[in-house]
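As structure tokens, the structure follows; a few thoughts come after it.
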Amino acid sequence: MAAVAGAITPTFDTFTNLPGATFGGHGIPTDPTAITRVGNLTLGLAATPRYTAGTLANNGAGTYFATPGVGLQAGLSTWNFDYYLSDPTGLGGAGMTYALLYEFNPGVNTDSTQFGKINLTLGLTTGTKTLQDSQNLGFAYLGQSFWPSITPAPGAFSANANGQYSFALIASNNGVEVGRSAINVNVGKVPEPASLALFGLALLGLAGISARRKRN
């Protein structure tokens, strides 16, 4: 499946907890996850801290916020991107293929033709119903072309770079996209807490009510 030209933007049906997911590990948070459902198929994509407790901040609309810098292992960032595929009838049937797109370019709105691709279909065996894992852009194999399931992204990843990284988990049927889950990870940008923003709006509303009462 070839990448469709254009920037990747957050795409999902719901942005909430994904029950039953583990992302291939133990204690990896699954709330929130960008979830898309196509028939029996569930696509889930998330970003999480690497080997630390808690969750990444998010804007409630598919964008996560992470800090730059190297984590516990050289070259690896402090955050991971996580995927989940599930179909109780079995994955990979009737011409279905699955791909995970990722980028090394921290610039905003990178064209998806400049993304790397993990061909998840190659990891399937007959009867597989769930496929999930947690990855890091610093993993060396994501930049190497000799892995049959990897089409590497151009350039190299720097865990210390600020910027925006986008990801898309795409399901296709005979080469035609039928569903996707997509997220952004903003690195080095401090989000405005949603609670503070809502509190500010509430104060403005109260001020307006008070002003109207005084005029009356």
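Since every read-out is calculated from the coordinates, none of them should be taken as a lab result. Nothing here was measured: the structure is a model prediction, and the numbers come from that model. As a convention, Cβ positions derive from the backbone with ideal geometry for all residues, glycine included, and neighbour counts pool all protein chains shown.
Of note:
- If the convex hull is drawn through the Cα atoms of the range 43-131, its volume per residue in Å³: 153 Å³
- FRET efficiency estimate (nearest 0.05) - Cβ-Cβ, N174 to D13, R0 30 angstrom: 0.85
- Radius 15 Å from Cβ of F115, net charge of other residues (Lys, Arg +1; Asp, Glu -1): -1
- Subtracting the Cα-Cα distance of V70 and N119 from 0.36 nm times their residue separation leaves 15.0 nm of extension gain.
- Nearest 10 degrees, 0 to 90: helix 194-215 Cα axis against the chain principal axis: 30 degrees
- Fraction of beta bridges assigned by DSSP in the range 14-191 that are antiparallel (%, nearest 5): 90 percent
- In the chain, Cα pairs under 8 Å separated by at least six residues give a relative contact order of 26 percent.
- Longest DSSP-loop-exposure-free segment, trypsin sites (Lys or Arg not before Pro), the chain, at most 16 other Cβ within 10 Å: 1-128
- Each residue of the chain gets 155 Å³ once the volume of the Cα convex hull is shared out per residue.
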